[in-house]
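The values are calculated or read from the model by the stated rules, or taken from the named source; none is laboratory data. Fair warning: this is a prediction, and the values are worked out from it, not measured in the lab. Here the Cβ is made from the backbone with ideal geometry for all residues, glycine too, and neighbour counts use every protein chain on show.
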Amino acid sequence: MNAEESRTSACGRPCSSGSTEHTANRRHMLQSALAFAIAGVLPMSRAALAAGNVTRLVLVHGRSQQGKDPAALRAEWMDALRRGARTLGHALPVGIEVVLPFYGDALEAFTEQYDIPLTADVQTRGAAIDEDFLAFQAEIAESVRQSAGISDELVDAEYGPNPRQKGPLNWEWVQAILRAIDKHGGGMSQSALELFTRDVFLYTTRAGVRDEIDRIVASQVTEAPTVVIGHSLGSVVAYNILRSDRRSLNIPLFVTVGSPLGIRAIRDQLRPLRFPPPVQAWYNAFDRRDVVALHSLDATNFPVVPAIDNNPTVKNHTANRHGIVGYLDDPDVVRHILDALSV
């Protein structure tokens, strides 16, 4: 069948690819496929996603971005995506609006306002301990320790002959776990893990922090068909917005990379868990060596329906296995994004 015959059979008469009836038929096919997918009868295919004519790409960054130029940060993400696309012999489509809502400076201002001391600072600063944060940090540190296969003996060696009872509210014991992770955990330093934990704690437990960061990010998410990519803390922010936003959002694909959503201490702050209503497909990719992305977002660690598509095979080439560029130039990650951006 030649191109003219194909157009004739699709419309019932000779027609152009831009005809009104062809567009209506295409929209009807997408709506029908989506209805079946929601009903659990038919999975949402990549072809159906592509038929949604995605026009926007929203990039939600993680922590430790304060003081950076948002335009340079956006360029870093896009350069990594282009590099990944080239490995597949493709290029990113033209005409896609790309936005990166920048909340790095706002988060830094909140960390200064709340001034929560890290365990490493308690003794040197003589600061009062925030027990809620200490317990939160201890739970994450223990999850990281177990996932990294760090033995009790290695932690005991860091704790030394300390007579104080071991436990989550003993800041010296928590610090010993963090030091053991620093030495034996495969790339994430003690200070980086403490800072990450503090910032996630502020976002998930302090309503004022969460509301302001959500406002910044949500202001750049419109009702146009949009692919959303969230990295690290940004995946938590993006998830919280997409599950609760009351607008008629249209998210054919939600991508999370290096996400800590599977950590119990974090997901417990986001209950009740649910699959974000405007999201048609959720793809989660991580490197098993990334201590921030401890767990697959599966039925055990993030029970939602429909199930999240998990890819634990990424080989993140950045020093701590958590960097964004080491995720965005991964062939499988890029393939999912390109499929959704195809028009």
**Study point:** Lone unmet requirement of (1) surrounded by 20 or more Cβ atoms within 10 Å (Cβ to Cβ); (2) within 14 Å of the chain's Cα centre (by Cα); (3) not β-branched (Val, Ile, Thr) for Arg243
**Key:** (1)
Review point. How many of the residues making up the stretch 298-338 are farther than 18 Å from Ala75 by Cα and either outside the structural domain of Leu242 (by TED's automatic domain parsing) or assigned to a loop (DSSP other than H, G, I, E, B) (or both)?
Key: 20
Review point. Any chance the stretch 127-137 includes a residue that's in the same structural domain as Thr256 (by TED's automatic domain parsing), surrounded by fewer than 16 Cβ atoms within 10 Å (Cβ to Cβ) and part of a loop (DSSP other than H, G, I, E, B)?
Key: no
Check your understanding: Could you count how many residues in the stretch 106-115 are acidic (Asp, Glu) and surrounded by 14 or more Cβ atoms within 10 Å (Cβ to Cβ)?
Key -> 1
Review point. Taking only pairs six or more apart or across chains, which ones have beta-carbon atoms under 6 Å, a first residue in the stretch 190-213 that is more than 13 Å from Thr111 (Cα to Cα), and a second residue that is of a type in the set (Lys, Arg) and surrounded by fewer than 22 Cβ atoms within 10 Å (Cβ to Cβ)?
Key: Gln190/Arg179
Practice item. Taking the options Ala106, Ala180, name whichever one is small (Gly, Ala, Ser), within 27 Å of Lys68 (Cβ to Cβ) and assigned to a helix (DSSP H, G or I). Key: Ala106
Exercise for review: For Val257, indicate whether it is without any contact (Cβ under 8 Å) to a residue 60 or more places away in the chain, of a type in the set (A, V, I, L, M), crowded, with 16+ Cβ neighbours inside 10 Å and closer than 26 Å to Thr222 by Cα.
Suggested key: no
Review point. Checking Leu195 against (1) surrounded by fewer than 19 Cβ atoms within 10 Å (Cβ to Cβ); (2) not assigned by TED's automatic domain parsing to the domain that holds Ile150, which single condition isn't satisfied?
Key: (2)
Practice item. Please find, within the stretch 286-342, the residue that is surrounded by the fewest Cβ atoms within 10 Å (Cβ to Cβ) out of those that are acidic (Asp, Glu) and within 16 Å of Gly84 (Cβ to Cβ). Key: Asp332
Review point. Among the listed residues Tyr283, Tyr239, which satisfies the condition of being within 20 Å of Gly104 (Cα to Cα) and either of a type in the set (Phe, Trp, Tyr) or not assigned by TED's automatic domain parsing to the domain that holds Val325 (or both)?
Key: Tyr239
**Study point:** Candidates Thr226, Thr205, filtered to the one that is closer than 22 Å to Leu338 by Cβ and not hydrophobic (A, V, I, L, M, F, W, C)
**Key:** Thr226
Exercise for review: Could you check Ile263 against (1) under 30 Å from Val155 (Cα atoms); (2) surrounded by fewer than 22 Cβ atoms within 10 Å (Cβ to Cβ); (3) in the same structural domain as Asn311 (by TED's automatic domain parsing); (4) not basic (Lys, Arg) and say which number it fails?
Suggested key: (2)
Study note, to complete from the structure: Val94 meets each of (1) surrounded by fewer than 16 Cβ atoms within 10 Å (Cβ to Cβ); (2) more than 22 Å from Ser64 (Cα to Cα); (3) touching a residue at least 12 places away in the same chain (Cβ under 8 Å) with one exception, condition (3)
